[in-house]
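I'd like to ask you about the structure that follows.
The values are calculated or read from the model by the stated rules, or taken from the named source; none is laboratory data. Fair warning: this is a prediction, and the values are worked out from it, not measured in the lab. For neighbour counting, all protein chains shown are included, and Cβ atoms are generated from backbone atoms with ideal geometry for every residue, glycine included. When the accessible area is computed, the model is the full protein with side chains, heavy atoms only, and any ligands, DNA or RNA have been set aside. Shrake-Rupley method; radii C 1.70, N 1.55, O 1.52, S 1.80 Å.
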Amino acid sequence: RWRAHAGALYTDSMAPPAAQTTEYRAAKDTCALVDLSSRQQLRVTGPDRVSFVQGMVTNDVEKLAVGASCHVAMLTAKGSMVGDGRVVKLADELLVDTGAGFGPTVRDFLNKYLISEECEVVDAPDVAVLGLLGPQAATWAASIPSEQLVVTMPGLLGTGLDVVVKRDGLAQVKAALSALPTVSDETFEVLRVEAGVPKFGVDMTETTIPLEANLEKAIHYQKGCYIGQEVIARATYRGQMNKKLVGLLLGEALAEKGAEVKLADKRVGRITSVVRSELKQQNVALAYVHRDHLTAGTAMELAPGVSVSVATLPFV
């Protein structure tokens with residue numbers, strides 16, 4: 001039964017379908033496959049490729065070993081985000097992996113600052129990413145035909161593995177992994193929100209500062225200069241952002257993206273993602289909440305009479 005109140009929808013039951021539960025359990029307990037081939041990749045080549053990218057991203061690319069990767073953000077001079085993703089160091093090039101639809105934006109950002117360096121930034125449509133979720137990810141990665149595998153990376157959700165493969169060999173790779181259940185976009189979204197992983201274009205925009213979105217793992221505080229570093233340094237020195245991304249426990253309430261949460265009739269937060277959590281057996285959300293109300297358990301209202309509470313991320 002659905003009821004509407006002040007822009008929020010809530011229902012007495014939002015149980016996921018059985019198929020989604022099966023995918024979810026495999027992703028948690030054994031291994032499941034998620035198709036991330038809609039993500040976009042760039043290739044950076046040339047003798048100055050590492051030093052150039054080092055000055056463009058928030059993390060330390062120079063110290064990566066060949067085959068290693070790191071999470072990065074790309075910022076404007078004012079510290080706002082252009083995008084985020086991962087940089088992988090290969091023997092003769094760097095691969096930049098970013099979200100679906102954001103490849104051109106990241107490419108144009110990099111090329112804007114490519115002046116005298118001897119390197120080139122181009123699209124890399126010949127590779128694709130697949131995700132292996134769960135504790136048996138490494139075992140299943142070993143079953144991928146070696147001639148199709150480019151490199152492996154830590155999974156987007158902080159667990160499992162993502163594999164970069166040759167795009168023209170996707171069918172062969174999927175055949176080698178055909179015994180695995182495939183996670184739907186809906187189930188992957190549940191796993192993403194439960195893990196507290198923000199998504200650019202959903203939980204992060206061009207006005208987001210990485211520290212607001214808990215992207216500390218994408219920031220190296222001892223590396224040399226990069227675009228936007230001064231803003232990050234000032235925010236770090238100040239020690240507190242005005243708002244931070246937190247979890248919200250909604251019970252049976254369901255709110256749309258952009259819904260406000262209030263305390264004593266004052267807006268103190270804004271929701272960015274909502275899912276039905278298998279882990280918590282209730283609806284949960286990601287939301288930016290004012291710094292004075294970040295403590296887990298803090299009660300707020302989604303609508304009059306509809307109480308929600310703050311939770312730390314990831315949800316446990």
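Can you tell me which condition VAL106 does not meet? The list is (1) surrounded by fewer than 17 Cβ atoms within 10 Å (Cβ to Cβ); (2) closer than 25 Å to GLY196 by Cα, and all the others hold.
(1)
A further question follows. Do we find that LYS223 is open to solvent by less than 60 Å² (accessible area, probe 1.4 Å) and either of a type in the set (Lys, Arg) or out of contact with any Lys or Arg (no Cβ under 9 Å at 6 or more places or on another chain) (or both) in this structure?
Here the answer is yes, as LYS223 does meet what is asked.
Would you please name the residue that is surrounded by the fewest Cβ atoms within 10 Å (Cβ to Cβ), looking only at residues in the range 88-103 that are over 14 Å from GLN40 (Cβ atoms) and touching a strand residue (DSSP E or B) at 6+ places or on another chain (Cβ under 6 Å)?
GLU93
Related question: Need the failing condition index for THR30 against (1) under 16 Å from GLU186 (Cα atoms); (2) open to solvent by 50 Å² or more (accessible area, probe 1.4 Å); (3) modelled with pLDDT of 95 or more, just the number.
(1)
Listed here are the residues, each with its yes/no results for (1) in contact (Cβ under 8 Å) with a residue 60 or more places away in the chain; (2) assigned to a loop (DSSP other than H, G, I, E, B); (3) of a type in the set (Phe, Trp, Tyr); (4) farther than 22 Å from GLY85 by Cβ.
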{"position": "ASP108", "(1), (2), (3), (4)": "no, no, no, no"}
{"position": "GLY131", "(1), (2), (3), (4)": "yes, no, no, no"}
{"position": "PRO135", "(1), (2), (3), (4)": "yes, yes, no, yes"}
{"position": "SER146", "(1), (2), (3), (4)": "no, yes, no, yes"}
{"position": "VAL150", "(1), (2), (3), (4)": "yes, no, no, no"}
{"position": "LEU157", "(1), (2), (3), (4)": "no, yes, no, no"}
{"position": "VAL164", "(1), (2), (3), (4)": "yes, no, no, no"}
{"position": "GLU186", "(1), (2), (3), (4)": "yes, no, no, yes"}
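Would you check if ARG238 is at pLDDT 95 or above and open to solvent by 50 Å² or more (accessible area, probe 1.4 Å)?
Considered against the rule, which asks whether it is at pLDDT 95 or above and open to solvent by 50 Å² or more (accessible area, probe 1.4 Å), ARG238 comes out as no.
Here are the criteria: (1) more than 18 Å from HIS290 (Cβ to Cβ); (2) in contact with a Ser or Thr (Cβ under 7 Å, 6 or more places away or on another chain). Tell me which single one LYS217 does not satisfy.
Here LYS217 meets the rest and fails (2).
Taking the condition of a type in the set (A, V, I, L, M, F, W, C), out of contact with any strand residue (DSSP E or B) (no Cβ under 6 Å at 6 or more places or on another chain) and under 30 Å from THR207 (Cβ atoms), does LEU114 pass?
The answer is yes for LEU114.
Can you tell me which residue within the range 78-98, out of those that are more than 22 Å from LEU149 (Cβ to Cβ) and not in a strand (DSSP E or B), is farthest from the chain's Cα centre (by Cα)?
The qualifying residue farthest from the chain's Cα centre (by Cα) is LYS78.
Identify all residues within the range 109-142 that are in contact with a Gly (Cβ under 7 Å, 6 or more places away or on another chain), among the hydrophobic types (A, V, I, L, M, F, W, C) and farther than 26 Å from ALA195 by Cβ; write none if there are none.
Once the filter is applied, which keeps residues that are in contact with a Gly (Cβ under 7 Å, 6 or more places away or on another chain), among the hydrophobic types (A, V, I, L, M, F, W, C) and farther than 26 Å from ALA195 by Cβ, the range 109-142 yields only CYS119.
Against the condition open to solvent by 70 Å² or more (accessible area, probe 1.4 Å), charged (D, E, K, R) and farther than 30 Å from LEU64 by Cβ, how does GLU206 come out, does it pass?
The answer is no for GLU206.
Restricting to strands (runs of 3 or more DSSP E) lying wholly in the range 243-291: which have 2 or more residues that are open to solvent by 20 Å² or more (accessible area, probe 1.4 Å)?
Qualifying strands (runs of 3 or more DSSP E): 243-251, 260-263, 266-277, 282-290.
Here's another thing I want to ask about it. Please pick out the residue among LEU114, LEU130, LEU157, LEU161 that is within 28 Å of MET74 (Cβ to Cβ) and more than 24 Å from the chain's Cα centre (by Cα).
LEU114
Taking interchain pairs and intrachain pairs at least six residues apart, which have beta carbon atoms under 7 angstrom, with the first residue in the range 288-316 and under 18 Å from ARG192 (Cα atoms) and the second of a type in the set (Ser, Thr, Tyr) and surrounded by fewer than 14 Cβ atoms within 10 Å (Cβ to Cβ)?
Cβ pairs passing all conditions: VAL310/THR295.
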